[in-house]
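Written out below as structure tokens is the structure these notes cover.
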Amino acid sequence: MAKLLAYYSLCPINDVQEFLGLSRDVNTGCVINTLGRNIVQVVKLSNQKLQHSWTSLERLTSKVVYDFRSDRYVGVFNNRYIRCWAQNQIDINKVKRVKFFRHILQLLMVENGQVLVLYDDGSCESLQSAIDTRNEDRKNPDSVVKQSNIDPARETILEVCTVILASGDVILAYFVKETASGIIEVHFTQLTKENLKPAKGFRKIKLVRLEKNVQLVGQCIVDADGGPSLITIWSDRRIFSEALRLEDDFTDSQSQNIGNFISILNMINTTQPLSLIGISKDYIALYASNLNQEGATLLLYNVQFKVVQAKQFFKVYFSNSRFWLSENHILLAFGQTLSVVPFRISKEQLSDMVGTQKNLDMQNYVDNESINEDCDYEDYSFAGTLETIIEDIKEKKDKSADQHFKIFESVDKFEQSLQTACKSGLQLDIVRDDSLPVDTAQIRLMSNTDSSIGPLIFSEHFEAFANEMEMHGFCELEISDKILPIMIEANASLDIGKCLKRYSNVSERALVAALNYALACKDHLVSKTSIADIDTLLSKYPEIVMPQSKNSEQLPNMNVIRCNDIPDQSCQDLLNIVLSCSFNRNTILPLLRQQIDFNSMLLLLDYLTYLLTDPIAHLTETPTAGTDFDSDEKVVQWCTLLIDAHYQQIVMSRDVTVKAKIDHLVDVVKRHSESLIALKSVAATVRQLIETRGTKSEKRYNRWYNVETVQLY
């Protein structure tokens, strides 16, 4: 799960375009800030303290980088000179400068410690190789022309990045904009390990789409598992991804394949320029204008699971923003400020990444599974009676034109095809016959269902609210955090239970609020529990007959909310659903200590003890839990959680009732532990009986002792 922390200002800047950029420093947590054309600073991000600073009389034309192989800072002056100085150097103007005979565009620090020199014609080499071969460029200027990749007079290099593969190979990629047409291309190639020169020619991909009136608004390179990937965002809010394959022939061939369609990002305004950068595997950071054109938003988007992980809002939007990345910090330059936004990316959980359910409004959204770049998709329909369809098929057999609709001979075949399409994840636009009743004309497709209450669809207003948030890309955590308090305020018990079952990732704050609501219901929980023997249990439940027959009557499901539109729902049913939800112990513990009072804790502890002792009562699993759900294990987790949350009050309380409740719970747990120990000893015997089942009986001899007859006389 990714998270954006509170941002802060690092330093003011005069102009974003004049700001040369940032790079990694030798010290962890520090960045080299080329603040202006004459100022270089080394700043620690955690406390914004200045570590080193230098002032140059000559004009810097590229950001300063650190060469780990020579332990020197390297800067480019007037596009032709390079100076290298140590960390303890006071005046860099006294450092000897090295003259080059080619225009140096910028310096890049590669992750393996080398410094890459990129020229304005698109060619590149390592810093050491550039110093060694600079005289050859002066003696033989024709060789410089042969090595060029672009024409600096009509093309401009926008963004440059390097990626190191698992094999150790270095990949260079940069975007080139043609001045006349404004078309952007991505150029990438593999570099040699010795001198960082292109091993073969550059591959080029022209970033254009076949659709008219669609412009490119953002692009970046992401370091994925299989190598670098190209991410592009267009004016119609569509995101595309294309892997930069190196196994193809490295000629000057040009491709217009922008890759596969990922998703539609409806949270930003693509009519304004936006900034984009790849921050880690499968993650991009995006700064764009809001939909209402008031303020800006910084997003962390996961391109693998197609969900926005985190958002940061700004009051003012600046179109000339720029991105940099330093360890776990995003540095954003906009306006006249350089801001630092720390971020955290923890272990990926599928429930966090996927976030939203499939949208139920099939007419306004088409997924990438059912549409491609050529806008080809498939419709399914069923119309008319079986005789009419057969006649239509006979008439259309002679026609060679392609049929837009697939005609099915029966309802069963149509339903079977529809189920197959649903299992494959397609978003379907279903056309129904006009002769059907109005109330059955709409079909709602939803994979997250519960066999006891059917599809987990809310009431009309809550369902519209949830659909709106799902369409805008809100994750399950945000949806539940916003909609559950409204349901609690509206006293909608049935919708609260459906919400807790529909979304697998519910925030701990919303879960505690739902727990408080369930405890405050009018229904009384079971407060008296006892450990009963088998005879007591049989007398308590006379419908259970020992031994039980295979065709015996099933007991009613007492622990699931029934889908009945009645205002008075059972508190016990809702409480079972709340207690079945997953949670983070460290997060929910202080919330329980603050929001659940001592008396409610004792009441809930009694109910948990009842769940442990009663053979029929159990928690109800959610549809996402599957077969891994264990009711007793979840009950024990809640018992320990409540005791830890109110430990001081339990210890300091001298109430006899409290002591009796705790002793009773200890007795229950002890009885369960003793039962597990007994079952563990029986397990070996049962396993032996299973393994020896069906073997032929044979006479066995005991070889532990021997009997001999000894004649004494």
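The values are calculated or read from the model by the stated rules, or taken from the named source; none is laboratory data. Worth saying up front: this structure is predicted, and the values here are computed from it rather than measured. Backbone-built Cβ (ideal geometry, glycine too); neighbour counts: all protein chains shown. These area figures cover heavy atoms from the full protein model, side chains too; ligands, DNA and RNA do not enter into them. Shrake-Rupley method; radii C 1.70, N 1.55, O 1.52, S 1.80 Å.
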When only residues in the stretch 252-271 that are over 19 Å from SER229 (Cα atoms) and exposed (fewer than 15 other Cβ atoms within 10 Å of the Cβ) count, which is modelled with the lowest pLDDT? ASP252
Options GLN304, GLN309: the member that is part of a strand (DSSP E or B) and either out of contact with any Asp or Glu (no Cβ under 9 Å at 6 or more places or on another chain) or open to solvent by 10 Å² or more (accessible area, probe 1.4 Å) (or both): GLN309
Name the pairs: first residue in the stretch 629-652 and in contact (Cβ under 8 Å) with a residue 12 or more places away in the chain, second residue open to solvent by 60 Å² or more (accessible area, probe 1.4 Å), Cβ to Cβ under 6 Å, at least 6 apart or on different chains? PHE629/GLU621; SER631/HIS618; ALA645/ARG593
For the structure I just gave you, tell me whether THR162 is of a type in the set (Val, Ile, Thr) and under 30 Å from the mean Cα position of the chain (by Cα). yes
Which residue, of SER167, SER181, is under 34 Å from the mean Cα position of the chain (by Cα), farther than 19 Å from SER123 by Cβ and open to solvent by 40 Å² or more (accessible area, probe 1.4 Å)? SER167
Hey, among ASN467, ASN448, ASN491, which residue is surrounded by 12 or more Cβ atoms within 10 Å (Cβ to Cβ), modelled with pLDDT of 85 or more and over 30 Å from ALA660 (Cβ atoms)? ASN491
Selection within the stretch 155-196 - basic (Lys, Arg) and either farther than 20 Å from HIS103 by Cβ or at pLDDT below 90 (or both): LYS193
Lone qualifier among GLY278, GLY226 - being under 27 Å from GLU111 (Cβ atoms) and open to solvent by 40 Å² or more (accessible area, probe 1.4 Å): GLY226
Exactly one condition in (1) open to solvent by 20 Å² or more (accessible area, probe 1.4 Å); (2) in contact with a Phe, Trp or Tyr (Cβ under 9 Å, 6 or more places away or on another chain); (3) part of a strand (DSSP E or B) is false for THR156; which is it? (2)
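Condition check ((1) of a type in the set (A, V, I, L, M, F, W, C); (2) part of a strand (DSSP E or B); (3) in contact with a strand residue (DSSP E or B) (Cβ under 9 Å, 6 or more places away or on another chain)) across all residues:
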| residue | (1), (2), (3) |
| --- | --- |
| PHE175 | yes, yes, yes |
| PHE188 | yes, yes, yes |
| ILE205 | yes, yes, yes |
| ASN213 | no, no, no |
| CYS220 | yes, yes, yes |
| ASP223 | no, yes, yes |
| SER229 | no, yes, yes |
| GLU242 | no, yes, yes |
With the condition kept exactly as written, say whether any residue in the stretch 641-650 is assigned to a loop (DSSP other than H, G, I, E, B) and at pLDDT 80 or above. yes
Output for the stretch 316-338, where each listed residue is under 22 Å from the mean Cα position of the chain (by Cα) and not in a strand (DSSP E or B): GLU327, ASN328
Just one of GLY201, GLY226 is within 24 Å of ALA285 (Cβ to Cβ) and at pLDDT below 85; which is it? GLY226
Here the qualifying pairs (Cβ atoms under 8 Å; residues six or more apart or on different chains; first in the stretch 87-104 and over 17 Å from THR61 (Cβ atoms); second surrounded by 12 or more Cβ atoms within 10 Å (Cβ to Cβ) and of a type in the set (Val, Ile, Thr)) come out as GLN87/VAL26; GLN89/VAL95
Quick one: in the stretch 137-153, which of the residues that are surrounded by 11 or more Cβ atoms within 10 Å (Cβ to Cβ) and either in a helix (DSSP H, G or I) or touching a His at 6+ places or on another chain (Cβ under 9 Å) (or both) is modelled with the lowest pLDDT? VAL144
What is the residue count in the stretch 12-28 for residues that are touching a residue at least 24 places away in the same chain (Cβ under 8 Å), in a loop (DSSP other than H, G, I, E, B) and exposed (fewer than 15 other Cβ atoms within 10 Å of the Cβ)? 6
